[in-house]
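To start, the structure itself, in structure tokens.
The values are calculated or read from the model by the stated rules, or taken from the named source; none is laboratory data. The model shown is predicted, which means the values in this text are computed figures rather than measured ones. Ideal geometry is used to build each Cβ from the backbone, glycine not excepted, and the neighbour counts take in all protein chains shown.
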Amino acid sequence: MADRDDRLAAEMRVLRERVVGITDVVVASADGLLITADSGETESAEGLAALTAATLSIARRAGTIASKGLLHHTVARFTDGFLVAQAIGEMALIGVLGDAGLDVKRLHIEAQVSADRIGDLLTAGGPAEPAG
């Protein structure tokens, strides 16, 4: 289990290193229970995990009602930054907080790659290695 936790932490570090403006990253279950976090500015990783899950849940419901298919991610933009919720299938999520300079376009690309690797780690203890 420690190996899986180390690999999850490494994957979150890679995401932070590849995308300008990320301040916090959490991985959580779909119902908002924190699995792991790489927090910089947020006081409560558990709270961020729960809020990210709620954000995804609302966006999924909106997509269902509007018949738009499976949700990949949702972005909330604020005066001083962003909250991005990236689905990892139906079972988990990545929550990213970013400052006002967050490179959202780059995040969309890198978060999908990270979501795939994290999904592998969560489901099988998988062979996924963080891209270095």
Query raised in the report: Are any of the residues in region 39-57 loosely packed, with under 14 Cβ neighbours inside 10 Å, within 19 Å of Q112 (Cβ to Cβ), among the charged types (D, E, K, R) and over 11 Å from the mean Cα position of the chain (by Cα)?
Result: no
Query - Output for region 75-132, where each listed residue is modelled with pLDDT of 90 or more, over 12 Å from the mean Cα position of the chain (by Cα) and polar (S, T, N, Q) - result: T79
Report task. Tally the residues that are closer than 13 Å to A53 by Cα and of a type in the set (G, A, S), restricting the search to region 77-121. Result -> 5
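Scan region 19-38 for residues that are farther than 21 Å from V113 by Cβ and not in a loop (DSSP other than H, G, I, E, B) and jot them down. Even if it seems obvious, please write down each step before you answer.
Step one: filter region 19-38 for residues farther than 21 Å from V113 by Cβ, giving 31-34.
Within region 19-38, L34 is the sole residue that qualifies.
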Requested in this report: Determine which single condition L48 fails, assuming it passes every other condition in (1) of a type outside the set (S, T, N, Q); (2) in contact with a Leu (Cβ under 7 Å, 6 or more places away or on another chain); (3) assigned to a loop (DSSP other than H, G, I, E, B).
Outcome: (3)
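Restricted to region 58-71, and to residues that are assigned to a loop (DSSP other than H, G, I, E, B) and surrounded by fewer than 14 Cβ atoms within 10 Å (Cβ to Cβ), which residue is nearest to the chain's Cα centre (by Cα)? Lay out the reasoning, then the answer.
Pass one, region 58-71, residues assigned to a loop (DSSP other than H, G, I, E, B): 66-71.
Now restrict to residues that are surrounded by fewer than 14 Cβ atoms within 10 Å (Cβ to Cβ): 66-70.
Values: A66: 24, S67: 24, K68: 21, G69: 20, L70: 16 Å.
It comes out as L70.
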